[in-house]
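Quick notes on the structure that follows.
The values are calculated or read from the model by the stated rules, or taken from the named source; none is laboratory data. These numbers come from a predicted model, not from an experiment. Here the Cβ positions follow ideal geometry from the backbone for every residue, glycine too, while neighbour counts run over all protein chains shown. With ligands, DNA and RNA removed, areas are computed over all heavy atoms of the protein, side chains included. Shrake-Rupley method; radii C 1.70, N 1.55, O 1.52, S 1.80 Å.
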Amino acid sequence: MRSLLLGFAVLAVLWLSYALSSWRRQLQRAKASGIRYYISPCSPWWIPWQMTQTLWTPAIKLLPKPLWEAWLPPLTTDYSWKWRHDHFAKFGDTFLLVHPFGLHMYTAEAGAISAITTRRDHFPKHTAQYDILTQFGNNVLTSEGPLWRHHRKVTAASFNERNAALVFKESIRQSLGLIRFWEETKGRGATLHTAEHDTMRLALNIIGYVGFGLKLPWPQEKMPADADAMSAKYGSVAPPQGYKMSFVNAMATLLENVLTLLLVPSWLLWLIPYEPTREAVQSRHDYEQFIDELIDVKIREAGQGEHTDEGMDIMGQLVRSSYDVDSAGKAKLKTDTKAVMSRDEIRGNAFVMIVAGHETTANAIHFTLIQMASCAASQRRLHKELDELLGDKNVEDLDYDEYLNPLMGSMVGACMNETLRVLPPVIEMPKIVTPSQDQPLVVDGKSCAVPAGTIITLSAAGVHMNPKHWPEKPSRLRPGEDDLLDYVPERWFRNSKSDEKFDVEDEGEDYGGFKGRDTSASLFRPERGAYIPFSEGARACLGRRIAQVEVIAALAVLFRQYSVELAVDEWATDEEVAAMDRPQRRALYQKAIDKRDATIRGASSLLTLKLRGDDVALRFVKRGEERFVDWLEE
């Protein structure tokens, strides 16, 4: 036993000696870079630290603050969301953490972010952070280099303006279905405790159309008599033969439990005697079976020339670009083109498309609703602009070419942009410096050299709150501070700080997808790198235009004839509210706002930023039937 303990002690001393030696080497590299740096005991991505940080953090904070305040926050989970720009404001918009086995750079500086995202070959995506998403197959999100170019070019073919117009119409149709669902199943003006779940269903229905060419009904709706067989099967409320879940329920349950299902083997989860866990495992099994069947159908359709031009169908496009059917009716990969994906790659891209396209869009719609519920004056302005823009035209008759750009440049677009600024779907984006050489980068106006192999975190939540890049006013909610933490859609109608920085375009190879900017020319245009809800450069989200079209269409429909308010049922009945005067109602509504704000502050990021804990209850009412937002001022 004594010799064993001695052996462990020797190993510990050797390891510590090696770590200290490595630490000194990393410190020398940091000093030579010219970038501000701070010493850290470990990497923020070191697994033992990630698993035990909640145990160590309270003890570390007992030490004098100057010993830990620079390095501890970046090591904590959801650093960018918890600290936004506050930590950067004190320790630099760009800084290095020096740990024993490497360097980690954080930046909330628009110029640095723009340079990093533009120079893709020098600062590639750190794909190691996305390895778990390859379980369904390699895809455009998890690949880099030539493989990424291949995935990008093949998948980009579906993301065009023609398909965006189709998504616009389908988003309007599905949003009208959401309103009918609320009114028919909850009751007109009833309190909604399921707004988050319902907007997820809205996004699922739309992604079913975008990804697979399926037109999915709402639960209370009947399948149209002329629906094709696949839409009838995949839109069924009941599980089809051979399945234990419906397609929508399988996708919804999979997405609710996606991280657990990706990290823990299914056989192990199945041993846990807990029904929700087993339902999650079953959802993965049924989802994979549904997707494989869809691929088979798309291959058969491609071989027989049966595909239709009536709707968007990304999976069908991927299959048609990759598969032929031989004389015996068997599928075979094409050999006369480079634009070919294997079955696993088609499956992998379908999964990423669902995860990315579903959660980000659903959250943007839901977050806009819960934020606008306390922005009474903004909501009234939104109603006024919709009235002026649409006149007496029914929303189902809106034409994409005629109305999308005016909507993007109106209060509708301003609300979407502000939601994505305050609550970005992805709070951080990982990059890495090429291992072969240091890379020059201008940091805070000074020429520096980022050391080779440095991992980089682009902080979307930080740069979105950086006062150097955004027009701000004194906050009405926090005296003595600016309003960058506040939800203010009108910010997008303020004058720019730096017009000359708007017209910089990426140069180099064309990787397909939408080429326009993320914001309308009619609104405030942040400088490049300051607004990155969809990232930027060649690795920007391929589906960002489709996502924007979905959100704009949904908000136009939802606010055309309706208002949204926070529910106050927790503190007063309808009768008690009706008997209150305005000061009493204002005090009551503030309770709902305070609870909503606490829920938002408690959000956390897994794959995307999500609310945790209690739901934010809403009332969705006809205009003219409001109890608060028709008269309240912010």
Rounded, prolate or oblate (a/c below 1.5 giving rounded, otherwise prolate when a/b exceeds b/c) for the range 125-265 by Cα gyration tensor: prolate
Relative contact order of the chain, pairs being alpha-carbon contacts under 8 Å that are 6 or more residues apart, as %: 21 percent
Simple label model, 7 Å out from Cα along Cβ direction - residue 129 to residue 296, nm: 3.9 nm
Over the chain: helical MRE at 222 nm, DSSP H runs n ≥ 4 each giving -39500 (n - 2.57), nearest 500: -15000 deg cm²/dmol
Two-site label geometry, residue 587 and residue 221: point separation in nm, points 7 Å out along Cα→Cβ: 4.6 nm
The chain, accessible surface, carbon-and-sulfur percent (1.4 angstrom probe): 55 percent
Of all DSSP beta bridges in the chain, antiparallel share, percent nearest 5: 80 percent
Average Cα contact separation per residue, the range 363-421, under 8 Å, 6 or more apart, as relative contact order %: 52 percent
Tail beyond 23 Å, pair distance distribution of the range 28-113 (Cα, percent): 19 percent
Part-to-part distance (alpha-carbon centres) for the range 237-306 and the range 205-232, which is given in Å: 18 Å
Heavy-atom surface of the chain, accessible at 1.4 Å and reported per residue (Å²): 44 Å²
Span-like helix ranges in the chain, DSSP H, alpha carbon extent 15 angstrom or more, Kyte mean at least 1.0: 544-560
Hz values of 3J(HN,Hα) by residue in the range 456-471 - Karplus curve (6.51, -1.76, 1.60), Gly and Pro given as x: 10, 10, 8, 8, 5, 5, x, 5, 5, 10, 7, x, 5, 10, 10, x
Cut-off under 5 Å, modelled amide H: who pairs with residue 99 long-range: 40, 104
For residue 524, residues with placed amide H under 5 Å, excluding near neighbours: 493, 494
